Amino acid sequence: MTSQRQAILDTIDKNRDKAVQFLQKMVTIPSVTGDEAAIQAFVADYMNGMGLEVDMWETNWEELKKHPGYRPVDRGYEGRPNIVGTRKGIGGGRSLLLNGHTDVIPVGNGEGWSDNPWSASIKDGRIYGRGSCDMKSGVASHILAVEFLKEAGVELKGDVYINVVIDEEVSGHGTLDTVIRGYKADAGISGETSDLAVQPACIGRIWFQIDVQGKPAGIQQRYLGISAIDLGNKIVKAVQELEDHRVATVRHPLYPSAIDSLPCIIGSFQAGNYPSAFPASAVLKGSIGTVPGEDHEGVKQSLVDKIAKVAAEDEWMREHPPVVRFVGYDAEASEIPRDHAIVDLVSRNFTELTGRKPEISGRQGAADTRFLNSYGETPTVIFGPGSTAVMHANDEYVSIEDYLTAIKVMALCIYDWCGARD
């Protein structure tokens, strides 16, 4: 290891407490999707203090709707800015974009949590709190990697862009709007949850709703009606059969466990509207996972066809077919080549730091990399300290050691990819 690379790692070790406190501060700022103003202001102020060129802007919702990557959402983006902090290089190097989001899912009233969800408390080598895992630790690793490189006296040749976005949990439009604004780089790294695995791919996710109409009847003459619950149970079975078929037939080398990677489920089943009334209608909601290479619209059609087939086999539903709609979250799967230079670089630096070869896998969750890969001309790999297994969970946490490792890997990757003055 060269003296300059060692100086980078020494600087990070020296600033261990600062790194932990920085992430704790981020976690203590509530930032449920739709309420990201405070966390974005904190991040922008911090990057300004680092001497970065900070571009902070609000998405033009009407302009966004014109883009083919747009998906319908219920609210606009006033008071919810995106950020790019740029560290300009001296020239002659490659550019790198570091992408992450600060919005998090709701915590309710804290039910099921052992502590305040925004406490950022430390226990057994972990920082707890909503967003600690997904994905404020990833964002913090990007910011601090750039800061500690500067503190170590490194002058980069290529430009580095720290892209911190909102609305990832609902749409990913923050990253899409970053692309629309014109930001792109020779490569990108997303700090999404990966358990420090190097992930050139992410799955897609399709939300759907199925409206079922039975035959109304009074409760005393319920035998004259057709229960939407009974019909809905046939739909649930059909969706399970579709999952079974997909698990048995869909293959991708980065997703060897199809049962884990291709969920196709009904997650919500609401029927009837009163305890003493016959259930004449039902609404079923669910989601389908997809892997890179699949026809996204074709997968949707397979669900439509499956429900139509089941309806045709039922005397009532044949004449009163369920209505399948695709509403809410809709993200396509995405990947870059496994042998891409940025994948190799992250892998090599992880091995240099830990002495272990990284797991090379596909992320079993959707990610904003789809916009960078498909529209942004920025081939992007996923590498982050959080665990996909505990994201969105009560008592969400991140390992402090994994977080510090991520900062080191990020710093060395920036140093190697962008190049530096001797």
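Residues being more than 21 Å from the chain's Cα centre (by Cα), at pLDDT 95 or above, part of a helix (DSSP H, G or I) and not polar (S, T, N, Q) are represented in segment 62-83 by at least one member.
The sole residue among Gly108, Gly92 that is without any contact (Cβ under 8 Å) to a residue 12 or more places away in the chain, open to solvent by 40 Å² or more (accessible area, probe 1.4 Å), more than 23 Å from Gln21 (Cβ to Cβ) and part of a loop (DSSP other than H, G, I, E, B) is Gly108.
Checked against (1) among the small types (Gly, Ala, Ser); (2) closer than 19 Å to Met135 by Cβ; (3) surrounded by fewer than 19 Cβ atoms within 10 Å (Cβ to Cβ), Gly76 passes all but condition (2). Among the conditions (1) in contact with a helix residue (DSSP H, G or I) (Cβ under 8 Å, 6 or more places away or on another chain); (2) open to solvent by less than 30 Å² (accessible area, probe 1.4 Å); (3) not in a strand (DSSP E or B), the only one that Ser119 does not satisfy is (2). For segment 214-259, filtered to residues that are open to solvent by 90 Å² or more (accessible area, probe 1.4 Å) and basic (Lys, Arg), the residue that is farthest from Arg338 (Cα to Cα) is Arg222.
So which residues in segment 1-54 are open to solvent by 50 Å² or more (accessible area, probe 1.4 Å), small (Gly, Ala, Ser) and part of a loop (DSSP other than H, G, I, E, B)? Listed by number, the list holds a single entry, Gly51. Scanning segment 349-384 for residues that are of a type in the set (Val, Ile, Thr) and open to solvent by 40 Å² or more (accessible area, probe 1.4 Å) gives Thr351, Thr354, Ile360.
Looking at this structure, is Ala185 in a loop (DSSP other than H, G, I, E, B), touching a residue at least 24 places away in the same chain (Cβ under 8 Å), aliphatic (A, V, I, L, M) and surrounded by 24 or more Cβ atoms within 10 Å (Cβ to Cβ)? Quick ask: steps written out before the conclusion?
Values: in a loop (DSSP other than H, G, I, E, B): yes; touching a residue at least 24 places away in the same chain (Cβ under 8 Å): yes; aliphatic (A, V, I, L, M): yes; surrounded by 24 or more Cβ atoms within 10 Å (Cβ to Cβ): yes.
In short, yes.
Among the numbered conditions (1) modelled with pLDDT under 95; (2) within 22 Å of Tyr329 (Cα to Cα), the only one that Asn273 does not meet is (2). Residue count for segment 220-243 satisfying the condition of being under 17 Å from Ala282 (Cα atoms), more than 31 Å from the chain's Cα centre (by Cα) and not polar (S, T, N, Q): 8.
Would you call Glu377 closer than 18 Å to Ala197 by Cβ, of a type in the set (Asp, Glu) and touching a residue at least 60 places away in the same chain (Cβ under 8 Å)? The answer is no for Glu377. Does Val154 satisfy the criteria of being aliphatic (A, V, I, L, M), open to solvent by 10 Å² or more (accessible area, probe 1.4 Å) and at negative phi? Considered against the rule, which asks whether it is aliphatic (A, V, I, L, M), open to solvent by 10 Å² or more (accessible area, probe 1.4 Å) and at negative phi, Val154 comes out as no. Among the residues of segment 397-419, is there at least one that is in contact with a Cys (Cβ under 8 Å, 6 or more places away or on another chain) and either charged (D, E, K, R) or in contact (Cβ under 8 Å) with a residue 12 or more places away in the chain (or both)? Yes - at least one qualifying residue is present in segment 397-419.
The values are calculated or read from the model by the stated rules, or taken from the named source; none is laboratory data. A quick note: this is a predicted structure, and the numbers were derived from the prediction, not measured. Every residue, glycine as well, gets a Cβ built from its backbone with ideal geometry; the counts of neighbours run over all protein chains shown. These area figures cover heavy atoms from the full protein model, side chains too; ligands, DNA and RNA do not enter into them. Shrake-Rupley method; radii C 1.70, N 1.55, O 1.52, S 1.80 Å.
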